[in-house]
Amino acid sequence: MAVAVAGVLVAAGAVTYSVAEDGAAGAAPPAADSADAGFARDMAVHHQQAVEMSYIVRDRTADEDVRRLAYDIAQTQANQRGMLLGWLDLWGLPKVSSDGPMSWMGMGKMTDGEDGALMPGMATDTELKKLGTLDGRQAEVLYLQLMTDHHKGGIHMAEGCVAKCAVGVEKRLAQGMVEAQQSEIDLMTDMLKARGAKP
């Protein structure tokens, strides 16, 4: 476990260093209202909820497949969140903005944050509370459904960065998110089917 964690930290440091090198290659750091900064801020928030949901379900079920998936999502997205926030630090940019979420995608007025769902795909506060009251198969099904929607929203945002971001390593991270989260959506669809449920 310690070796695996150390490997993740080294990889995260390497990616963060790459972004620093991008900035040192003569290009100015991204502006506060750029797609690069907007994606970093918004995806960090989006990822935080995925981590939260994953830790909730981990404690609500004994199913090893769901617990393994939840652990993988939590670790991956916590690591990516750290990189995104680290880049904002490297660029000397704030981690919050007065602009609404998704403004960098031209969607600022489309996300009203109703019941805590700040961006497309995010679970509401009511849904999170419900997840925390369920056990076993019921918790598994709700988690898989919520996370499927969450990943769809995340993919949409990551595709926006692939199209709009200027920092190469950030664009590559975003493309990796698209591919990994689509793969997990396919897996979760099969897991829901096995439980007699749909996304």
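Taking the conditions (1) open to solvent by 60 Å² or more (accessible area, probe 1.4 Å); (2) part of a loop (DSSP other than H, G, I, E, B); (3) without any contact (Cβ under 8 Å) to a residue 40 or more places away in the chain in turn, residue 100 satisfies each one other than (1). Yes or no: residue 83 of a type in the set (A, V, I, L, M, F, W, C), in contact (Cβ under 8 Å) with a residue 40 or more places away in the chain, under 30 Å from residue 31 (Cα atoms) and outside any helix (DSSP H, G or I)? No. Comparison of 146, 93, 84, 88 shows that the only residue that is within 15 Å of the chain's Cα centre (by Cα), at pLDDT 95 or above and within 14 Å of residue 35 (Cα to Cα) is 84. From 42, 63, 36, grab the single residue that is under 22 Å from residue 188 (Cβ atoms) and either buried (at least 23 other Cβ atoms within 10 Å of the Cβ) or modelled with pLDDT of 95 or more (or both). Going through 42, 63, 36 in turn, the sole match is 63. Listed by position, the helices (runs of 4 or more DSSP H) contained in region 116-199 that have at least 3 residues being touching a residue at least 40 places away in the same chain (Cβ under 8 Å) and farther than 20 Å from residue 66 by Cβ are 136-164, 168-194.
The values are calculated or read from the model by the stated rules, or taken from the named source; none is laboratory data. This is a predicted model, so every value here is computed, not measured. All Cβ positions, even for glycine, are placed from backbone atoms using ideal geometry, and neighbour counts span all protein chains on display. Quick note on the areas: whole protein, heavy atoms, side chains included, nothing else; ligands and nucleic acids left out. Shrake-Rupley method; radii C 1.70, N 1.55, O 1.52, S 1.80 Å.
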